[in-house]
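Here the structure comes first, spelled out in structure tokens, and everything after it is commentary.
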């Protein structure tokens, strides 16, 4: 599993009444206030991690709803991620289902209420164990920083309203992603998801220069957000940066019962039934708290035990009260 550090920032532009950008991390959508700025950071070692930036357009009550809708749907689908594993993740099917739900929902509940164009772009990073998947539609951008180099994983923005976006009324078919990739994570990788407002005056060269600094990761991303609005604070600006700290190669569920079979296949060794049985026994007896991290855990008392404690406390209080009264009576007399 990959252990990651993430920081996300969004800022409402001076040209807009509300922030139509939003981002998803840790199962929550930000910003909390539609017209406000937001900063969130977290570390994670979960097997499956989902990070997104959504950029809505269409004005108040339109673009902001569209961006939050796709984030909410994606977050709900993460709960059913195991349904797409057999055993490897079928990211193509996951993508198709996400686009189908988000596109139809935005068209029906948002875009159809307006006479002008309404919709949203989004950038997605999904980490599954030590692999990652990226997906982008519209004007959002995904960059990968690896070993001092910047790799742009998406196409450049061509117009204020993208050709492909979620919620397009004139498009009966699903919008086509301009980027859909899979790669194996490496320690030190930094994925940067950003909105077009952030990228308007901030280039890949600026990102490479900022990430090459020896400052703390969060401080670098905060400064990048400041630099992106130095010349123009008009548009909404959003960035989510995810850094891979290290990788864990062991399986999350402990000893594997198929380890003996792998040993036989790859090394040519003969595995007897006792070894297979031993592997299965180790898995069945696997203690996730073997390091002693839960050695102080105490089982919750039963209802009968709670009642016994209550009446014993009541009796003790009565005896103590009676003793105090007798002592007071003795001294008074």
Å³ per residue enclosed by the Cα convex hull of segment 2-247: 109 Å³
Given a cut-off of under 8 Å on Cα pairs at least six residues apart, what relative contact order in percent is computed for segment 60-201? 26 percent
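Going by average Cβ density within 10 Å per residue, which order do the peptides 231-240, 318-327 take, highest to lowest? Write down the numbers at each step before the final one.
Details: 231-240: 21.9, 318-327: 9.9.
Listed from highest to lowest mean packing, they are 231-240, 318-327.
What percent do you get for the relative contact order of segment 2-247 when only Cα pairs under 8 Å and 6+ apart count? Before the final figure, lay out the partial values.
Details: 564 pairs, mean separation 64.8, N = 246.
That works out to 26 percent.
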Place the peptides 50-63, 78-91, 13-26, 100-113 in order of packing, highest mean first, counting for every residue the other Cβ atoms within 10 Å and averaging per peptide. 50-63, 13-26, 100-113, 78-91
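With an 8 Å Cα cut-off and a minimum separation of 6 or more residues, compute the relative contact order for segment 14-86 in percent.
Details: 84 pairs, mean separation 25.4, N = 73.
It rounds to 35 percent for segment 14-86.
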Shape of segment 63-179, Cα gyration tensor, a/c cut at 1.5: oblate
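Any read-out appearing in this document is the output of simple, stated calculations on the displayed coordinates, not a laboratory observation. Everything numeric in this text was worked out from a predicted model, so none of it was measured. So basically every Cβ, Gly included, is an ideal-geometry build from the backbone, and we count neighbours across all protein chains shown.
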